[in-house]
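In what follows, a structure is listed as structure tokens, so that the remarks can point back to it.
The values are calculated or read from the model by the stated rules, or taken from the named source; none is laboratory data. Keep in mind that this is a model prediction, so the values were computed, not measured. As a convention, Cβ positions derive from the backbone with ideal geometry for all residues, glycine included, and neighbour counts pool all protein chains shown. The protein model used for the area step is the full one, side chains on, heavy atoms only, and it has no ligands, DNA or RNA in it. Shrake-Rupley method; radii C 1.70, N 1.55, O 1.52, S 1.80 Å.
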Amino acid sequence: MFLQQKFLSSQTIKLYTDASSELGFAVVFGKKWVAGSWHKHFTSADITLLELYPLVLATEMFGKYFANHCILFMTDNIGVVDIINKTTSTNRPIMKLVRQLVLACLKYNILFRSCHIPGYQNVIADHLSRLQIDKARLVAPWLDVAPARIPDSLRPAVLLS
């Protein structure tokens, strides 16, 4: 199958991700959303690893909806932008997630790049990653009432270990 020629930004497809080093992570895709808290074991992990996880989760969970497209992942972490664009890292746990992202994109025929988005433009995912569900709903009342279920195989304890 041939890819669409034009890169679609995360904003165009309404895909937002974020991670809070001390609290949790979030993915928003249109009205679907996922948020979770980190096990205390992960709160001391590299923020780049924590920020990459929701991008991988989003691609695994919702990639079928943007299959056969070129996607520009927008993230508020410069380190993640660099790693995604190079598809490499010297950090083994980060590289494990990069491989997972590449495999998910191959599965859905997605060509990807990344660019930086200022944190203030990522408000919904930011609130959800801080487990501030009520604040997220004030900003985005269209969100589904309940979060999407994260498959056990995609939980942080599996992908980040």
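Do we find that I110 is open to solvent by less than 20 Å² (accessible area, probe 1.4 Å), in contact with a strand residue (DSSP E or B) (Cβ under 9 Å, 6 or more places away or on another chain) and touching a residue at least 40 places away in the same chain (Cβ under 8 Å) in this structure?
Yes.
Going through segment 137-161 one residue at a time, which ones are touching a residue at least 40 places away in the same chain (Cβ under 8 Å) and either of a type in the set (D, E) or open to solvent by less than 80 Å² (accessible area, probe 1.4 Å) (or both)?
Across segment 137-161, the qualifying residues are A140, L143, D144, P147, A148, I150, P151, L154, P156, A157, L159, L160.
From the list A148, A104, which one is modelled with pLDDT of 95 or more, under 27 Å from C70 (Cβ atoms), assigned to a loop (DSSP other than H, G, I, E, B) and not charged (D, E, K, R)?
A148
Given the condition open to solvent by 40 Å² or more (accessible area, probe 1.4 Å) and of a type outside the set (V, I, T), answer yes or no: does some residue in segment 51-65 qualify?
Among the residues of segment 51-65, at least one is open to solvent by 40 Å² or more (accessible area, probe 1.4 Å) and of a type outside the set (V, I, T), which makes the answer yes.
Using the structure shown, decide if S161 is outside any helix (DSSP H, G or I) and under 13 Å from the mean Cα position of the chain (by Cα).
No: the conditions fail for S161.
Give S37, S89, S44 a once-over and let me know the one that is under 15 Å from the mean Cα position of the chain (by Cα), among the polar types (S, T, N, Q) and open to solvent by 10 Å² or more (accessible area, probe 1.4 Å).
S37 is the lone residue from the list that is under 15 Å from the mean Cα position of the chain (by Cα), among the polar types (S, T, N, Q) and open to solvent by 10 Å² or more (accessible area, probe 1.4 Å).
Considering only residues of segment 12-34 that are farther than 14 Å from A140 by Cα and free of Cβ contacts under 8 Å to residues at least 24 places away in the same chain, which is least open to solvent (accessible area, probe 1.4 Å)?
Among those that are farther than 14 Å from A140 by Cα and free of Cβ contacts under 8 Å to residues at least 24 places away in the same chain, it is T12.
Please count how many residues of segment 66-101 are in contact (Cβ under 8 Å) with a residue 40 or more places away in the chain and either assigned to a helix (DSSP H, G or I) or of a type in the set (F, W, Y) (or both).
9
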